[in-house]
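To start, the structure itself, in structure tokens.
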Amino acid sequence: MTTSTALLLADLAGVAVFAASGASAAVAKRLDLFGVVFVGFVAALGGGIVRDLVIDEVPPLAFADWRYAGTAAVTAAAIFWLHPQFARLRTTVLVLDAAGLGLFTVVGTVKALDVQVPAVGACVIGMITAIGGGLVRDLLTGEIPVVLRREIYAVASLVGSIMVVLLHGLGHPGPIPLTAAAALVFGVRLIALRRRWSAPVATMRPPRTGLSGPPPE
Amino acid sequence: MTTSTALLLADLAGVAVFAASGASAAVAKRLDLFGVVFVGFVAALGGGIVRDLVIDEVPPLAFADWRYAGTAAVTAAAIFWLHPQFARLRTTVLVLDAAGLGLFTVVGTVKALDVQVPAVGACVIGMITAIGGGLVRDLLTGEIPVVLRREIYAVASLVGSIMVVLLHGLGHPGPIPLTAAAALVFGVRLIALRRRWSAPVATMRPPRTGLSGPPPE
Amino acid sequence: MTTSTALLLADLAGVAVFAASGASAAVAKRLDLFGVVFVGFVAALGGGIVRDLVIDEVPPLAFADWRYAGTAAVTAAAIFWLHPQFARLRTTVLVLDAAGLGLFTVVGTVKALDVQVPAVGACVIGMITAIGGGLVRDLLTGEIPVVLRREIYAVASLVGSIMVVLLHGLGHPGPIPLTAAAALVFGVRLIALRRRWSAPVATMRPPRTGLSGPPPE
């Protein structure tokens with residue numbers, strides 16, 4: 001098995017995990033079979049589509065290579081019928097999701113650097129690749145995106161994308177340092193889950209003057 | 001009247017129908033005149049804008065040809081004042097909407113195939129052209145997109161885009177087979193409406209262990 | 001200080017103002033630190049990212065020049081801690097926001113015209129540059145976008161973009177007429193705020209037949 005075959009298989013495994021999480025959220029919202037497959041597709045491939053539009057890789061991989069759309073659709077449809085079993089695998093799913101987060105972060109950051117996007121932009125693009133699908137999944141199911149609300153999720157991704165950019169500054173990084181960056185994201189995410197770390201929320205003091213009440217809509 | 005003039009007129013008629021549906025939803029949500037026109041614009045042209053970004057036809061037709069934006073804006077503004085009359089035309093609107101669905105599906109799929117997008121990607125792009133505007137309309141008005149929740153709508157579009165791709169595999173299809181594909185979408189959609197067909201929703205059993213409750217937010 | 005340095009500084013000031021408004025909305029929704037920074041980033045740069053994708057300036061400026069992302073992130077993080085003080089500056093914020101609206105409108109319209117987008121499309125692109133960030137901010141925080149609901153905000157932007165297009169029709173406009181267009185947006189917006197102007201909302205009569213009730217979902 002060559003490196004590129006291994007990478008494709010890993011990428012498709014990440015797509016399957018993210019499609020399952022999207023499909024599971026859609027089932028809980030009582031969407032129909034089409035809605036479940038569509039939300040699964042978007043959760044798995046939305047981040048990569050945005051990445052490819054931003055770096056001008058068109059048509060995006062999700063449309064150019066049928067194996068991506070196929071993996072997402074088949075996985076999401078399977079969850080439609082198997083969601084009770086899937087719900088029981090919660091810990092496994094969180095671990096696989098953390099692995100997908102690491103993989104998508106590294107792939108996204110590397111693709112951005114390869115087309116000469118500068119360092120800060122490449123970090124943001126890497127992170128959007130990893131968290132974008134989940135964001136759109138939550139918008140489609142009528143939720144404020146969970147990634148914006150709590151837990152160390154996007155931050156784990158950002159740490160990994162910064163590591164990739166730093167490695168890139170030292171020369172074109174090989175597979176071993178890139179795997180280490182993905183493992184870093186995976187590790188930070190798992191430790192954060194285990195220790196229930198979360199990002200801080202701003203303190204809200206009771207308004208004294210009425211001026212610090214809810215912001216103008 | 002040449003074929004391309006006929007196609008332009010049909011396309012603008014589709015834009016008008018979708019703009020009216022967007023504007024009508026916006027009026028019901030008490031948006032102001034600008035909001036009604038904007039939601040009408042997005043409902044009519046959002047799917048095509050996404051299609052053009054994905055296949056790298058930039059600037060998208062919605063920005064490159066003023067007749068598209070003009071048709072959408074004028075129609076939406078008319079609905080702002082005429083919405084009570086419009087609401088009474090419900091059956092007519094559903095039929096016109098089904099025709100627009102067929103037309104947009106075929107146009108979107110053909111454009112994707114013309115720039116060498118592979119078969120599966122072209123099907124998805126054709127469907128997004130047809131349903132994308134309605135999706136964004138629902139997001140802007142604070143609803144979970146109806147197309148994800150029930151009824152045979154996106155699936156009718158998908159059937160048509162698959163037919164276009166199959167025809168394309170047999171050689172560059174002429175106007176008659178493409179019209180047949182649009183008519184197929186139209187027919188499937190109308191029969192589904194008539195017979196109240198809808199896509200299945202996953203069965204939710206009462207949780208036994210607490211682990212199959214609502215998914216983690 | 002050259003013209004282009006002045007323009008960059010003005011642009012970054014606009015980014016800071018819009019990032020602050022996004023961050024402030026995110027704090028009110030109890031998002032965590034990452035969520036506040038992300039919503040601030042999107043509110044400040046989302047409109048420009050859409051503009052750049054539509055006119056095929058890729059990677060968008062928000063990813064190509066770190067000063068944009070940096071300004072947005074630092075401002076949003078500052079609001080996370082300083083939001084009570086920020087909330088007390090409401091009038092100042094509204095004035096700065098109106099200035100940002102004018103600036104982003106003019107910059108967006110000019111960029112679209114520079115790549116040969118026709119007049120109507122350039123107006124829409126200029127307006128989306130100015131209002132797009134706020135739209136996405138509201139979607140991410142679970143609100144129907146305020147810009148669609150009331151107040152003269154997008155309309156002020158549209159007036160300015162039309163003025164830029166008219167000036168462009170008379171020949172490549174210099175900095176003074178463009179500044180006048182930005183000032184026009186600023187003025188219309190401030191007068192609208194001062195006089196509580198708002199766009200009309202459609203009159204809803206009580207349904208007589210049940211057919212003019214809420215539109216079909």
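Just a few scattered comments:
- If the condition is being of a type in the set (Gly, Ala, Ser) and within 9 Å of chain B (Cβ to nearest Cβ), then the range A:74-97 contributes only A:Ala87.
- Residues of the range B:180-196 that are under 17 Å from the mean Cα position of the chain (by Cα) and under 19 Å from B:Ala112 (Cα atoms): B:Ala181, B:Ala182, B:Val185.
- Residue within the range A:118-129 that is β-branched (Val, Ile, Thr) and farther than 18 Å from C:Phe41 by Cα present: no
- The listed residue being farther than 22 Å from C:Arg150 by Cα and touching a Phe, Trp or Tyr at 6+ places or on another chain (Cβ under 6 Å), out of B:Ala62, B:Ala43, B:Ala72: B:Ala62
- Single condition C:Ile144 does not satisfy, out of (1) within 23 Å of B:Val36 (Cα to Cα); (2) touching a residue at least 24 places away in the same chain (Cβ under 8 Å): (2)
- Those residues of the range C:10-59 which are surrounded by fewer than 22 Cβ atoms within 10 Å (Cβ to Cβ), within 7 Å of another protein chain (Cβ to nearest Cβ) and out of contact with any strand residue (DSSP E or B) (no Cβ under 9 Å at 6 or more places or on another chain), in sequence order: C:Ala28, C:Lys29, C:Leu53, C:Asp56, C:Val58
- Residue within the range B:33-49 that is within 25 Å of A:Ala64 (Cα to Cα), among the hydrophobic types (A, V, I, L, M, F, W, C) and in a helix (DSSP H, G or I) present: yes
Each row is one residue, and each column tells you yes or no for (1) more than 22 Å from C:Asp52 (Cβ to Cβ); (2) buried (at least 18 other Cβ atoms within 10 Å of the Cβ).
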{"position": "C:Thr75", "(1), (2)": "no, yes"}
{"position": "C:Phe86", "(1), (2)": "yes, yes"}
{"position": "C:Leu89", "(1), (2)": "yes, no"}
{"position": "C:Leu96", "(1), (2)": "yes, yes"}
{"position": "C:Phe104", "(1), (2)": "no, yes"}
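- Helices (runs of 4 or more DSSP H) enclosed by the range A:116-206 - at least 2 residues per element that are within 12 Å of chain C (Cβ to nearest Cβ) and out of contact with any Gly (no Cβ under 8 Å at 6 or more places or on another chain): A:119-140, A:154-169
- Counted residues, the range A:7-32 - those being of a type outside the set (Ser, Thr, Tyr), in contact with a helix residue (DSSP H, G or I) (Cβ under 7 Å, 6 or more places away or on another chain) and in a helix (DSSP H, G or I): 15
- Pairing each residue of the range B:164-180 that is at positive phi and surrounded by 10 or more Cβ atoms within 10 Å (Cβ to Cβ) with any residue that is at pLDDT 90 or above and acidic (Asp, Glu), provided the two are 6+ apart or on different chains, yields no C-beta distance under 6 Å.
- Of the criteria (1) more than 19 Å from B:Ile125 (Cβ to Cβ); (2) at pLDDT 95 or above, which one A:Gly70 fails: (1)
The values are calculated or read from the model by the stated rules, or taken from the named source; none is laboratory data. Since this is a predicted model, take the numbers as computed values, not measurements. Note that each Cβ is placed from the backbone with ideal geometry, even for glycine, and that neighbours are counted across all protein chains shown.
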